[in-house]
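Comments concern the structure below.
The values are calculated or read from the model by the stated rules, or taken from the named source; none is laboratory data. None of these values were measured; they are calculated from a predicted model. Note: ideal-geometry Cβ built from the backbone for every residue, glycine included; neighbour counts use all protein chains shown.
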Amino acid sequence: MDEAARLMGERHIGSLIVVKYATPVGMVTERDLLSSVLALGRVPREVKVESVMSYPLPKINPKASIKEAAQTMIKKRRRLAVFEDGDLVGVITASDLIRSLPLAPETTLRVDEFMTMEVVTVDEKTTVASVAKIMGEKRIGSVIVTQGGKPVGIFTERDLLTNFLANDRPLDVPVGENASSPLITVPSGTSVHEAASIMALKHIRRLPITEGSKIVGIVTARDLVEAYAK
């Protein structure tokens, strides 16, 4: 898993296809690393990808519509491997799908209907190691970083992979120094269509929702895919 983490971090990707006997058999993700390895106190270099990968491999045909892909992704709760005539030709993620949502007919659905209302926050002085454990235990992909109780940034599983695990950097440093800031947010009542446009434009996968100066929820790329799948 340490090799897998390094590869994902270097390529800025969140998943890898696992091959056995030259055959794609499963998928391992940054969430698997967090929840099945780091959160349990396991040492990544001592864990094989085969023991934490998802199996069987979620598949879809390249000729499937975006709507079909969205519905399949929500049903399988995973990224999808794209197979054509039995050959692996690609992978499609929630981030890939939301780039298509701004081109779809605008929906009247609002982010409030799909956001997660339990937003996890950590103080800027919390160590990255502690944050990684929190994200793994709660099976979440990000935390809001606060300074004096006020939200100032966000730290994600991709930040952990790219900035730390891929470079063998120690995790005993304050998360505030490594969070993305300023924090990009949208107000409650924003349409799913507009949220998808902002995510695609800003190249982000998570968008905190606000009411006044207070964060009341967070919506992810997968949440928007779920909205579109309906």
Inside the range 182-199, can you point out the residues that are in contact with a strand residue (DSSP E or B) (Cβ under 7 Å, 6 or more places away or on another chain), of a type in the set (Gly, Ala, Ser) and surrounded by 15 or more Cβ atoms within 10 Å (Cβ to Cβ)?
188, 191, 195
Single condition residue 157 does not satisfy, out of (1) under 15 Å from residue 205 (Cα atoms); (2) in contact with a strand residue (DSSP E or B) (Cβ under 6 Å, 6 or more places away or on another chain):
(2)
Before we move on, is residue 154 surrounded by fewer than 19 Cβ atoms within 10 Å (Cβ to Cβ) and under 27 Å from residue 215 (Cα atoms)?
no
Out of 131, 152, 119, which single residue is over 16 Å from the mean Cα position of the chain (by Cα) and not polar (S, T, N, Q)?
152
If you go through 219, 225, the only one that is under 19 Å from the mean Cα position of the chain (by Cα), within 23 Å of residue 76 (Cβ to Cβ) and in a strand (DSSP E or B) is 219
State the number of residues belonging to the range 79-96 that are farther than 20 Å from residue 197 by Cβ and either buried (at least 18 other Cβ atoms within 10 Å of the Cβ) or among the aliphatic types (A, V, I, L, M) (or both).
7
List the number of the failed condition for residue 131; all other conditions in (1) within 26 Å of residue 8 (Cβ to Cβ); (2) surrounded by 15 or more Cβ atoms within 10 Å (Cβ to Cβ); (3) modelled with pLDDT under 90 hold.
(3)
Under the condition of being touching a helix residue (DSSP H, G or I) at 6+ places or on another chain (Cβ under 7 Å) and at pLDDT 90 or above, which residue from the range 37-52 is farthest from residue 138 (Cα to Cα)?
45
Condition met for residue 32 (surrounded by 15 or more Cβ atoms within 10 Å (Cβ to Cβ), under 21 Å from the mean Cα position of the chain (by Cα) and under 19 Å from residue 204 (Cα atoms))
no
Filter the helices (runs of 4 or more DSSP H) completely within the range 41-152 down to those with at least 2 residues that are without any contact (Cβ under 8 Å) to a residue 24 or more places away in the chain.
66-76, 128-138
Looking only at the range 112-139, count every residue that is touching a helix residue (DSSP H, G or I) at 6+ places or on another chain (Cβ under 8 Å), farther than 15 Å from residue 179 by Cα and not hydroxyl-bearing (Ser, Thr, Tyr) and tell me the total.
7
